[in-house]
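**Q** Sharing a structure below in structure tokens format, with a few things to ask.
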Amino acid sequence: MQPYPFSAIVGQAEMKEALVLTAIDPSIGGVLVFGDRGTGKSTAVRALAALLPAISAVVGCPYNRTADDHHGCTCETETPKKEEMRPTPVVDLPLGATEDRLVGALDIERALTRGEKAFEPGLLARANRGYLYIDEVNLLEDHLVDLLLDVAASGENIVEREGLSFRHPAKFVIVGSGNPEEGELRPQLLDRFGLSVEVTSPREISERVEVIRRRNAYEMDTRAFLKRWRATDTRLRNTILDARSRLADTAAADEVLEDCARLCIALGSDGLRGELTLLRAARALAAYDGAPAVGREHIIRVAPMALRHRLRRDPLDEAGSTLRVRRILDEAFAA
Amino acid sequence: MTKTGVDPFDLANPWHRAVAARDILAVDSLALGGLLLRARHGPVRTRWLDGLGDALLPLPLRRLHPQTPDEALYGAIDVAATLQAGQTVRCSGVLTGPPTAVVVPMADTAEHGFAARLSQWLDARGGVAIALDEGNDPDERAPASLMERLAFHISLDNIALRDIGFTGATPDQIAAARAALAKVQDLDRVCEQFVNIAAALGINSLRPPAMAGRAAVAAAALAGLPAPEEPEIALATALVLAPRLQRLPEAPPDADSEAPDEPPAPKEDSGTSDPGAFDPKDAPDEVSVEAAMAQLPPGLLEEIARALSSGKKGGRSRVVATKAAARGRFAPSRPGQITAGARIDLLATMRRAAPWQPIRRRTSPDSTAPILIRPEDIAISRRRGRAERVAIFAVDASGSTAMGRLAECKGAIELLLAEAYQRRDHVAMIIFRGLKAEVLLPPTRSLVQTKRRLASVPGGGPTPLASGLEQALLLAEASRHRGMDPSIVLMTDGRGNIALDGSADREAALADLQDIADAVRRRGVPAMLIDIARLPRPAASALAERLAASYLPLPVVNARSLSEAVQSQWDTTH
């Protein structure tokens, strides 16, 4: 079944914006989506993949590598020069997946039948240059989350086990979703996601009705529905592509850097990660808006999603972190 | 109303509802996802299941146990057969093949991982799932992610054998309804109505109203109607929305028109007050909601609300009893079968195969494989995991403590909770006051829930200490059952005055307390007693001794040193 069109998602502006920003600049890091069930978290992620342009990769290479980058790849394709287009990968990581399935392992099949030592790529290989989606990331076993974030940060998957020594590029954006009622992520892991958004069901009855109406239209006649939204999706895709090409030229003046630093100090967020993410997200947003340079308004818009999960928090504090970010934004930029 | 379709059913009859759910599911299986059947094993359930296979045809019906390994779900090479044949032999997976109907027995024991895989499959419209929840314990429910995706939640409790005569639609009628499905009108209109009803019932997710819409349309197809009418809407409400009820609608339909000002509160506080929650006052279209409510069998919603509030600890936060084998230090490998999550110890396997090579070579001279490995050589590496810990707080909120110490006590608990959170321990909480103890929080890692519940703890009343300790013990046993490592932190002044049977008999209360304390000690549940009396008296320290628990009087500890003490206690007992 074709995924639901990204532009047809009703509301959820912040989640959509966060996903689009990582599509413009994957180095922003992962996105954490926390909220109720049935609010369209998985729909949005799958839709994003369909929205993004296809990538070009060597025919038969399970790591999605390009021909230029294919040197030293162990995928044994017969045509290392020939490329094909494939959709941007979005790989679902199911809870309870084993480490082997994630990072790859010895190819048992070949070891047993042919006595060869070969590597069977795992989910991380398939996610290269795309997205890795983990629903209920808060229930994923801690050691897997550690491992994932390590790979995501380094962009490379290194496997050393069972006499196997292997590495391959694994550059992907992690999108994790979950419901905080069912358990939370450790703070040290939270901090390693680039952006974090909170989603709730729409409050307006009319908006809820519209969500279901569109869903029905999509399910009843998928082709017609996709056709109706194709133009909007194409426009969005082109905007993202334009923004990507503008990204390097989007300047950030010293005042903007100062703003970022001031904000992070005021929030007491540790380390430079918050500052970097804030700047990158603001830059991506500026590029998306077609602005020549990053301005304070961009920072204000991305600050909640870039910083809310980095507050040094009292785990039993009642006030929502979004509120705290807003308060500090107001204070910092009041003058 | 003239109907050309199947026999009309009686909405007030639970067996009829269960059969109707089965038939509707059969008409539009993939869109409805499936069904959760809460029933004990028995003739009623058997009868219901008997009709299932025929109704769902042409979908093949397969049983899928929650412990089914990935190999069987997704297909994999069959190692034993491959070794035997010398060439790759694959077995196909249940979830990768053509659309299938799966019956999941003991869905209440399913782990999140399994639920996640099924959910993914259901989202992709891969098939339909019938989850059987044997439901012995209200705390044990199928994982929420799975329940969310199954349109119907029905229960066969309290249905007698003589009531199960109604058989519902015949396979031919179902097939006819499937053919008519595309012609049924008004999906959007009924969906709008269901959005309103869902909002009035406090249901936040948008999946239920969407699924209710599909169910009403399928019911209309089954009844031979061009569009869903009131009975279909009532049926879908009863089958899809009512079981997910979070609160009773403002004015119960069967009550007098003078609705009480105070909204009924089916559950004091179990997560309905989240920020995304809906304020029913400003929005739902009251007319359509009331009309639908009026169609429901009287008392249905109240019954569900009651069940929810008595078993409210359940459902939301089932604990993951993680397979300890997935992490931890390596232990020596041992011979075994290749299953999900098992790691072959290749070296050990080779070592086991090595001595036999000359003999095997002789018996199969044609083989070109460099090493001849047989299934019996396979060695699996094991890990020795650490069980997850759960701290069970049993807190005295009775009058004797409420006056002076409850606030301080809450402060200390918050600190302990925060630390438990950092250590990734699970936390559970029991409050005792009045006549009985209550499990305020089942084992969870969620701080959001914990702090919400803690804040709402009222104080006052007599002290059912024995009941509090009993609940703690039950919870500890249940946690052990799930492979966790429990310890009890009892916060009290040690002066119980309510016996287990609820009578205000000091003597009996003491006797009960001592019995339970002995039981705790015998079962070796590590305990710690924190005396929260202003002036510690011997009662508490005597109880600690009886429990073989360490004893900490709160007056001499501040919150910080208290949590340190609990920590060191943990480290010595585990």
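Since every read-out is calculated from the coordinates, none of them should be taken as a lab result. Computed from a prediction, not measured in an experiment: that's the story for all the values here. Neighbour counts are summed over all protein chains in view; Cβ atoms, including those assigned to glycine, are modelled from backbone coordinates with ideal geometry.
**Q** Amide H of residue A:157: which non-local residues (sequence gap of 5 or more, or other chain) have their own amide H closer than 5 Å, using H built in the peptide plane?
**A** A:168, A:170
**Q** Compute the length gained on full extension between residue A:2 and residue A:75: take 0.36 nm times their separation in residues and subtract their Cα-Cα distance, giving the result in nm to one decimal.
**A** Roughly 23.4 nm would be gained on extension.
**Q** I would also like to ask the following. Between residue A:258 and residue B:85, what is the label-to-label distance in nm when each label sits 7 Å out along the Cα-to-Cβ direction?
**A** 7.3 nm
**Q** So, one more: Kindly provide the Kirkwood hydrodynamic radius of the range A:207-248 in Å, to one decimal, from all pairs of distinct alpha carbon atoms.
**A** 11.9 Å
**Q** I'd like the orientation of helix A:254-267 relative to chain A: the angle between its Cα long axis and the longest Cα principal axis, in ° from 0 to 90, rounded to 10.
**A** Relative to chain A, helix A:254-267 is tipped by roughly 90 degrees.
**Q** At a Förster radius of 22 Å, what calculated FRET efficiency corresponds to the Cβ-Cβ distance of residue A:85 and residue A:239, to the nearest 0.05?
**A** Values: r = 21 Å, r/R0 = 0.95.
For R0 = 22 Å, the calculated efficiency reads 0.60.
**Q** Could you put B:456, A:27 in order, starting from the residue whose Cβ has the fewest other Cβ atoms within 10 Å?
**A** In increasing order of surrounding Cβ atoms, one gets B:456, A:27.
**Q** Say the cut-off is 27 Å between C-alpha atoms; which of A:117/A:171; A:81/A:117; A:82/A:227; A:171/B:451 go over it?
**A** Violating the 27 Å Cα-Cα cut-off are A:82/A:227; A:171/B:451.
**Q** Please average, across the residues of A:199-211, the number of beta carbons from any other chain that are within 10 Å of each residue's own beta carbon, and give a whole number.
**A** 6
**Q** As I understand it, the value is the acute angle between the Cα axis of helix A:296-307 and the longest principal axis of the Cα atoms of chain A; what does it come to in degrees, rounded to 10?
**A** That works out to roughly 60 degrees.
**Q** Could you give me the ³J(HN,Hα) list for the range B:39-50, computed from phi with Karplus coefficients 6.51, -1.76, 1.60 and θ = phi - 60°, whole Hz, x at Gly and Pro?
**A** 6, 7, 4, x, x, 5, 5, 4, 4, 5, 5, 4
**Q** Determine the percent antiparallel among the DSSP beta bridges restricted to the range A:6-199, to the nearest 5.
**A** The antiparallel fraction comes to roughly 40 percent.
**Q** Right, here's the next one. Running a GNM on chain A with Cα contacts under 10 Å, which residue among A:54, A:253, A:287 ends up with the highest mean-square fluctuation?
**A** Result: A:253 has the largest fluctuation of those listed.
**Q** When only alpha-carbon atoms count, how far does the range A:6-199 stretch along each of its three principal axes, as whole angstroms with the largest first?
**A** 52, 33, 25
**Q** Also, quick follow-up: Quote the FRET efficiency, to the nearest 0.05, computed for residue B:166 versus residue B:436 with a Förster distance R0 of 51 Å and r equal to the Cβ-Cβ distance.
**A** Numbers: r = 40 Å, r/R0 = 0.79.
Approximately 0.80, to the nearest 0.05.
**Q** Taking K and R as +1 and D and E as -1, what net charge do the other residues with C-beta under 12 Å from the C-beta of residue A:129 add up to?
**A** +3
**Q** Any chance you could give the angle, 0 to 90 degrees and rounded to 10, that helix A:321-332 forms with the longest Cα principal axis of chain A?
**A** Once rounded, the angle reads 50 degrees.
**Q** In cubic angstrom, how much convex hull volume per residue do the alpha carbon atoms of chain A span?
**A** In chain A, the Cα convex hull volume per residue is 163 Å³.
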